[in-house]
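Right, one structure below, let's go through it.
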């Protein structure tokens, strides 16, 4: 157990009207708060304009894009995180465009950090979106943890107040995910402090 809490950012990935993501995210934030090892920041991508058209690719040694000022708060909060949980539905067998835009507008923010997933959808429970996200975030040198939480037929699982009608299995899955995030997130945080990721010293052979 680390001496200090881990900074965990939970991201609501869907921005679609009528989305269920905020309900799932609030439930997960409650689980993370109960765990007691995290300082939690909840980001709703619907609160930040995320243009799909990106500027020209910067030089290889300067991978950060020139972001619009409206993205400053989002970038700052993503950069401050030691670990992330992305809450995602399946849209046509993949994740929402809003998540891809948030990922693509950033680069260093994801590097050498732990990322977990909470999925929800009608049939797969978000697993199709999660598998695609693992590939994308691996390319950005993040570490996606094995455990996840999945809600197939989510509309049958939560009551009108946003509470799970049978919470035991989901709570156990959330604890397993949070335990894994705590281990990997803490190890990677300590490693970044000792030897910043991508520095000349880090690349020595």
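When the alpha carbon gyration tensor of segment 14-106 is reduced to an equivalent ellipsoid, its three semi-axes come out at 25, 18, 11 angstrom, largest first. Note on residue 136 and residue 70: their simple-model spin labels are 2.0 nm apart, each label 7 Å out from Cα toward Cβ.
For n ≥ 4 DSSP H runs only, could you compute -39500 (n - 2.57) per run for the chain, divide by its residues and tell me the 222 nm figure to the nearest 500?
Details: 5 runs with 72 residues, N = 205.
Result for the chain: -11500 deg cm²/dmol, rounded to the nearest 500.
Among 171, 156, which comes first, second and so on when ranked by fewest other beta-carbon atoms within 10 Å? Numbers along the way, then the final one.
On the way: 171 16, 156 9.
By the 10 Å Cβ count, ascending: 156, 171.
Rounded to the nearest angstrom and listed largest first, the equivalent-ellipsoid semi-axes of the chain from its Cα gyration tensor are 28, 21, 14.
The modelled label-to-label distance between residue 41 and residue 194, using points 7 Å beyond Cα along the C-beta direction, is 2.5 nm.
Once the Cβ-Cβ distance of residue 108 and residue 165 is raised to the sixth power relative to R0 = 41 Å, the FRET efficiency obtained is 0.50.
Subtract the Cα-Cα distance of residue 4 and residue 179 from 0.36 nm times their separation in residues, and report this length gain in nm to one decimal. Mind dumping the intermediate values first?
Numbers: separation 175, 0.36 × 175 = 63.00 nm, distance 1.48 nm.
In short, 61.5 nm is gained.
Values quoted throughout were computed directly from the atomic coordinates according to the rules given, and no laboratory measurement underlies them. On a predicted model such as this, the values are computed, not experimentally measured, just so you know. Here the Cβ is made from the backbone with ideal geometry for all residues, glycine too, and neighbour counts use every protein chain on show.
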